[in-house]
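> Below are the structure tokens for one structure; questions will follow.
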Amino acid sequence: MRFWRSFNHAFDGIMYAARTQPNMRAHLVISLLVVLAALLLRLDRDYVVGLIVLIALVLALELVNTAVEAVVDLLTATHHPLAKTAKDAAAGAVLVASLAAIVVGYLVFYQGIINGGQRVYAAVASVPSNVAFVVLFAVAIITIFAKAWVGRGSALQGGAISGHAGLAFAAATLLAFLYQRPLAALLAYFIAFLVAQSRVEAKIHRTSEAVAGAVLGTVVALAIYLLARGHLPV
């Protein structure tokens, strides 16, 4: 479908930036750490919204910077002062947004710590939506890194790790540990298995890639769940 192809092209742009731009990889890692910190510090919704907007802004500007560099390199065969100006200006836009994000991040987390006092590190495993968001975000970023590192496949198809299998098994693991009902866990893992199997049967992934995705999703979900549970008040 044309609609899904447009999404695939957009994800290809993200993966290209992650593969070729060290700054993009750094921004992705920092974004993940910020989201994890927001989860553990139990920040208010307004603070979290502000952080998400700033994360999106910085990542979007880094993508625009990558696009500007690609266009300039395409149109200029030799060094030209205006080409340098275009690249520098695009990089400057990313720097401005990054500096603003640092300042806002400091104010947000400082306020969160002050407001929370000794209870600021209490876990939020009792709020499944928060844990689920962080887990799925982490699995998505690690999958992008893996595909970018290998240099094969797109964000939605193919590559070193099956993102679909990773997300499915992450969700199944969360359901199993958050609700602790054997039948629900069994059904969740069965559905996750069907998702992974469908990627193999469609010849989008090899069996090893689907297994890698399943292991990634399970391990990340378990690690973040245990991290959150470890901060529950006694």
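> Only residues in the stretch 163-185 that are in the same structural domain as VAL220 (by TED's automatic domain parsing) count as the first member; pair them with residues that are among the charged types (D, E, K, R), Cβ under 7 angstrom, at least 6 apart or cross-chain, and list the lot.
Final answer for the pair search is HIS164/ARG199; ALA165/ARG199.
> Given the conditions (1) farther than 20 Å from VAL139 by Cα; (2) at pLDDT 85 or above, which single one is not true for SER6?
Looking at each condition in turn, SER6 falls short on (2).
> Could I ask something else about it? Using the structure shown, decide if VAL58 is at pLDDT 85 or above and not small (Gly, Ala, Ser).
Yes: the conditions hold for VAL58.
The values are calculated or read from the model by the stated rules, or taken from the named source; none is laboratory data. Since the model is a prediction, treat every value here as computed from it, not as a measurement. Quick reminder, even Gly has a Cβ in these numbers, built from the backbone with ideal geometry, and neighbours come from all protein chains shown.
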